[in-house]
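Contents: one structure, followed by commentary.
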Amino acid sequence: MKIGWIGLGNMGIPMASNLLAAGYDVYVWNRTPEKAEPLTSLGAVFAGSIEKAVESCDIIFTMVSDDDAVKSVYTGPGGLLSTADVRGKLAVDMSTVSRETSRFLADQCQRVGMRFVDAPVSGSVGPAKEGQLVIMAGGERQDFAQVKPLLDKLGKVALHLGPNGAGTSAKLAINLLLGITVQGVAETLLFARSMGITAEQMLTIISESAVGTPLIRGKAASILADDYPAAFALKHMAKDLRLAREAGVSSPLAESAAASYRTALEEGLGDLDLTAILRFLDPEKK
Ligand code: NAP
């Protein structure tokens, strides 16, 4: 089976690599072609255009930034849906976008006889490299069943949650918890510091406590170094909390987290990891 992969950012590269490692023929495309080099050096074929990637493949994955990016990849000039014969092919969008966009893409695909599954993921670059993502899918059950063996190469769990948009809905919910958790850790560290407890001490305590998680343990070194190279960029967290608000969430913590990440983005922290919310909240860094 030939696989198309569109979008080689922080997540797309390790995910497409796992399909290559599993023995699939993978045709990749990225807006910035140079970013395909790690994949082509492993044996992927760089398709010169989206259309070429789609023509060559039976299943096409997309993993790009946001709603505008994914719409451009599907419906823009030279996009996926302008390819001559896509009838019967399956498109799987793993980007985090709004439910409206997932349903819009499903509808646009259906018009040209293509099938569509929304399958966003939870887990960052580490789990992506290890094939340990959590994958939340929406679409026809038989389409999910067709792509499930591939999803099993990318994640430790892949759940079919309902019709198109259901995967995206679950993703917006889990990322609400992610945004709140990271802000909660940042506030805890700052409160502890104000009482003389160091970040190192407090991160050890959190990690060993009932609220310790792989997320917090994984981010500790970066927090202690005050160095935030993006695994999951803060701009994407701000986007996801905006999408959650647009989907109707209006709880106190959601409001607070959305406002924090949005303002941090406006202050220029968007390309850092989401844990840079600590730098934003720290009064000593103002
Ligand atoms: P990223 O590193 O910022 O990469 C974004 C990708 O989208 C790049 O390949 C970029 O191409 C492409 N792109 C952006 N605008 C485009 C456009 N108009 N047309 C075509 N391609 C475009 O993002 P990422 O971290 O891989 O995340 C991808 C998606 O997964 C996002 O929706 C994010 O919210 C979600 N996600 C991320 C994580 C994480 O930890 N990173 C975890 C779960 C979910 P260029 O290379 O040309 O810029």
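Here are the numbers for this structure:
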| quantity | calculated |
| --- | --- |
| 13 Å beta-carbon shell around ARG193, net charge (K/R +1, D/E -1) | -4 |
| Sequence-distant lysines (8 or more away, or on other chains) whose Cα lies within less than 17 Å of LYS171 | LYS156, LYS235, LYS239 |
| Sparse-neighbourhood loop sites, trypsin sites (Lys or Arg not before Pro) in the range 38-121 - DSSP loop, at most 12 other Cβ within 10 angstrom | ARG87 |
| Neighbourhood net charge (15 Å Cβ-Cβ; Lys/Arg +1, Asp/Glu -1) for LEU42 | +1 |
| Carbon and sulfur %, accessible surface of the range 2-162 computed with the full protein complex present, 1.4 Å | 48 |
| Principal-axis tilt of helix 12-21 within the chain, Cα atoms, nearest 10 degrees | 60 |
| Accessible area (Å², per residue) of the range 31-84, counting only protein heavy atoms and a probe of 1.4 Å | 48 |
| In degrees, nearest ten, helix 199-208 long axis to first principal axis of the chain (Cα) | 60 |
| Sum of side-chain charges, VAL70 neighbourhood, beta-carbon under 11 Å (Lys, Arg +1; Asp, Glu -1) | -4 |
| Net length gained if the chain between ILE197 and ASP58 were fully extended (0.36 nm per residue, minus Cα distance) | 44.5 nm |
| Average accessible surface area per residue within the range 154-282, 1.4 Å rolling probe, Å² | 47 |
| Rounded tilt (10° steps) of 234-246 against the dominant C-alpha axis of the chain | 80 |
| For GLY165, distant residues with modelled amide H under 5 Å away | ASP118, GLY138 |
| Global form of the range 2-162, assessed from the alpha-carbon gyration tensor, a/c cut-off 1.5 | rounded |
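The values are calculated or read from the model by the stated rules, or taken from the named source; none is laboratory data. Just so it is clear, the model here is predicted, and its values are computed rather than measured. Glycine also receives a Cβ, built like all others from the backbone with ideal geometry; neighbour counts cover every protein chain displayed. When the accessible area is computed, the model is the full protein with side chains, heavy atoms only, and any ligands, DNA or RNA have been set aside. Shrake-Rupley method; radii C 1.70, N 1.55, O 1.52, S 1.80 Å.
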